[in-house]
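K.L.:
Here's a structure for you.
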């Protein structure tokens, strides 16, 4: 992993990207999106995660988050990815055997199966963490996240996309609560 993309301060605000292996369009199915939502909610309730922005696209997820004191962002991310990977793979295997098994083959990990590790790899390695160091950078990343569905031609307005914090910021109901306090920090020089 690149030295550039590491979480150095576990409690700072970070822009994170979680990408599905081989950019597979798994999150076109709302059932898989809801696994992500439920897991993020669990992380908020039990792992000290504070989410300030998010968007679930078909092949990846963007999040702006931090964890409270006495928690580690790296641990939270590890647990989130481990749980969601297993839950989604299990859901795929329980689906119609023909469609589900064809899809599951995309996540096969023959080398890991031989070594006794997990048979499937759902997430690409890493999470591309970028520390949020200024108010301007926070605003840029939040706008980027919220405009992803618009750029992908899924909706006309960011707040119309059901799996994004743009709804929260627009005052609309949403599947996941986020931290609505305005994040403002000292700008680094």
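K.L.:
Rank-order 165-174, 67-76 by packing density, defined as the average count of other C-beta atoms within 10 Å over each peptide's residues, highest first. The partial results should precede the final answer.
P.N.:
Details: 165-174: 17.2, 67-76: 15.0.
The peptides rank, most packed first, as 165-174, 67-76.
K.L.:
Same structure again: Any chance you could list P(r) for the range 14-169, counting all Cα-Cα pairs in 5 angstrom bins from zero, rounded to whole %?
P.N.:
2, 9, 17, 21, 19, 15, 10, 5, 2, 0
K.L.:
A further question on this structure: For residue 8 and residue 59, what is the calculated FRET efficiency with R₀ set at 25 Å and r taken between the beta-carbons, to the nearest 0.05?
P.N.:
Values: r = 27 Å, r/R0 = 1.10.
Efficiency, from the Cβ-Cβ distance: 0.35.
Rule-based calculations on the coordinates, nothing more; no lab input. These figures come from a predicted structure and were not determined experimentally. For neighbour counting, all protein chains shown are included, and Cβ atoms are generated from backbone atoms with ideal geometry for every residue, glycine included.
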